[in-house]
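S.K.: Below is the structure I would like to discuss, written out as structure tokens.
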Amino acid sequence: MRLWVLLSLLLLQETLPHVIGQSAKSKRPKEPGENKIKPINKKVKPKGLKMKEREPVDSSSKSQSILMQVMDKGRFQKLTATLSLSAGQSIELRCKGSNVTWSYPSYLDTFKDSRLSIKQLDRYGQLILTNSTAADTGEYSCWLQLCNGNKCRKDETKTGSTYIFFTDKEELFVPTPSYFEIVYLNPDKPAVIPCRVTTPLAKVTLHREFPAEEIETDETNIIYDAKKGFVYQHPTSDHKGIVYCKAESQGAPQISIKYHLLYVEVPRGPPSATIVASPSRAKVSDGIHVACTVLGEPDVDVNFSWQYPGQEQLERPVIIQNFWRLINRGTGHTTRISKSVLIIEDFEARDAGNYICIAQNLQGTTTVATRVELN
């Protein structure tokens, strides 16, 4: 038995070095660079992809990028479509560029408000409004002017705009200079009841005075826009009457001014003018009146001018009176009558001849004439 054990140990001793040698041979030295990531595998270009993602630039962000708000400690903030500030705060806006034009609520110009300051510096335009009020709520915008000599045009690619709400819990509606406004309802264009609010969080409803009722907004024919008010997309004669708005925001509801909605149905175009002389045959020393009348839209101004005998020589003094008024032509339709009257108090022989009236509005010009004879 011991003999077999000794023989086994001898065989094991001879075999073990051979096996260890084969294992050692299998572990050959690594070639230079073996098991390393090859350079081609490194070209994943993560940085390059990020750069490509930045390349497309939205045109809207371009236009907004030139308008900034100056914050405290010299910080700047790019402005979004709307901004809410508390009434009483001051604000400084800057627009990049050496020739900047600004637009802001028109009443600040009407009253030449000293709280508003606008300056053009070397590299930017500056607008500062101090001690803001609820009435300052509105659109503030700027753009770069491109000039060639005396001719300038707006650079559409370099503009900026924001609508600023100056919130005041005592003034939920943007104050107006009057307590009553007329809104004309034209069948061919939207009509706006301009009850704008000073906070976008206010809940606003529209109401008819008589019969007393709330007017439902369906977001199709009648919609509400905090920047504009209630918009009638397709006005009809059924919408005429007196209305007002009611707003609520963390407190007692507030009522707007009243709006009188008048329906208009007058064809658009140059003035529809008529001319009449009274009398058409006059004696020496008689008085004559030549009236030029235009029927048109209530909110469209008409300008009159005249041509008459003796005008070029400045020999004949005449009196010219211009006026207008609104009339109801039935079925709720409202029309504006604009009139110009030429008066000669003491007719002379040289006053006989053609009297020409020229009526002009934004759509064009109409010329009418009549003749006054010496009797």
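The values are calculated or read from the model by the stated rules, or taken from the named source; none is laboratory data. Note that the coordinates shown come from a computational prediction; the quantities given were computed from them, not determined experimentally. Glycine gets a Cβ as well: all are built from the backbone with ideal geometry, and neighbour counts include every protein chain shown. Heads up: the accessible areas ignore ligands, DNA and RNA and are worked out on the full protein's heavy atoms, side chains in. Shrake-Rupley method; radii C 1.70, N 1.55, O 1.52, S 1.80 Å.
S.K.: State whether the residues of the range 321-328 include one that is exposed (fewer than 13 other Cβ atoms within 10 Å of the Cβ), touching a strand residue (DSSP E or B) at 6+ places or on another chain (Cβ under 9 Å), among the aliphatic types (A, V, I, L, M) and closer than 30 Å to Glu214 by Cα.
M.R.: Scanning the range 321-328 turns up at least one residue that is exposed (fewer than 13 other Cβ atoms within 10 Å of the Cβ), touching a strand residue (DSSP E or B) at 6+ places or on another chain (Cβ under 9 Å), among the aliphatic types (A, V, I, L, M) and closer than 30 Å to Glu214 by Cα.
S.K.: Can you find a residue in the range 279-287 that is assigned to a loop (DSSP other than H, G, I, E, B), under 22 Å from Thr334 (Cα atoms) and either touching a helix residue (DSSP H, G or I) at 6+ places or on another chain (Cβ under 9 Å) or touching a residue at least 60 places away in the same chain (Cβ under 8 Å) (or both)?
M.R.: Looking through the range 279-287, none of the residues is assigned to a loop (DSSP other than H, G, I, E, B), under 22 Å from Thr334 (Cα atoms) and either touching a helix residue (DSSP H, G or I) at 6+ places or on another chain (Cβ under 9 Å) or touching a residue at least 60 places away in the same chain (Cβ under 8 Å) (or both).
S.K.: Restricting attention to the range 318-375, and to residues there that are without any contact (Cβ under 8 Å) to a residue 24 or more places away in the chain and assigned to a loop (DSSP other than H, G, I, E, B), which single residue is farthest from Pro298 (Cα to Cα)?
M.R.: Going through the qualifying residues, I end up with Gly330.
S.K.: Which is open to solvent by 50 Å² or more (accessible area, probe 1.4 Å) and closer than 18 Å to Cys245 by Cα, of Phe173, Phe180?
M.R.: Sole residue among the options that is open to solvent by 50 Å² or more (accessible area, probe 1.4 Å) and closer than 18 Å to Cys245 by Cα: Phe180.
S.K.: Hey, another quick one. Would you mind finding the one in Tyr232, Tyr259, Tyr244 that is closer than 30 Å to Val174 by Cβ, in contact with a Leu (Cβ under 9 Å, 6 or more places away or on another chain), open to solvent by less than 20 Å² (accessible area, probe 1.4 Å) and not hydrophobic (A, V, I, L, M, F, W, C)?
M.R.: Among Tyr232, Tyr259, Tyr244, only Tyr232 is closer than 30 Å to Val174 by Cβ, in contact with a Leu (Cβ under 9 Å, 6 or more places away or on another chain), open to solvent by less than 20 Å² (accessible area, probe 1.4 Å) and not hydrophobic (A, V, I, L, M, F, W, C).
S.K.: Is it true that some residue in the range 180-193 is within 14 Å of Ser86 (Cα to Cα) and modelled with pLDDT of 90 or more?
M.R.: no
S.K.: Ok, one more. Which residues, counting only those in the range 349-375, are of a type in the set (D, E, K, R) and surrounded by 19 or more Cβ atoms within 10 Å (Cβ to Cβ)?
M.R.: Asp351, the sole residue that qualifies.
S.K.: While we're looking at this one, here's another question. Taking the criterion of being touching a residue at least 60 places away in the same chain (Cβ under 8 Å) and more than 29 Å from Val300 (Cβ to Cβ), would at least one residue in the range 170-188 satisfy it? Before the answer, list the steps.
M.R.: First pass over the range 170-188, keeping only residues touching a residue at least 60 places away in the same chain (Cβ under 8 Å): 171-173, 176-188.
Restricting the remaining residues to those that are more than 29 Å from Val300 (Cβ to Cβ) gives 171-172.
Yes: the range 170-188 contains one or more residues that are touching a residue at least 60 places away in the same chain (Cβ under 8 Å) and more than 29 Å from Val300 (Cβ to Cβ).
S.K.: Can you spot a residue in the range 109-120 that is touching a residue at least 24 places away in the same chain (Cβ under 8 Å) and more than 20 Å from the chain's Cα centre (by Cα)?
M.R.: no
S.K.: Here is a follow-up. What single numbered condition from (1) modelled with pLDDT of 90 or more; (2) surrounded by 14 or more Cβ atoms within 10 Å (Cβ to Cβ) fails to hold for Gly310?
M.R.: Unmet for Gly310, out of (1) modelled with pLDDT of 90 or more; (2) surrounded by 14 or more Cβ atoms within 10 Å (Cβ to Cβ): (1).
S.K.: May I pose another question? Can you spot a residue in the range 199-220 that is of a type in the set (Gly, Ala, Ser), at pLDDT below 90, open to solvent by less than 80 Å² (accessible area, probe 1.4 Å) and not in a strand (DSSP E or B)?
M.R.: no
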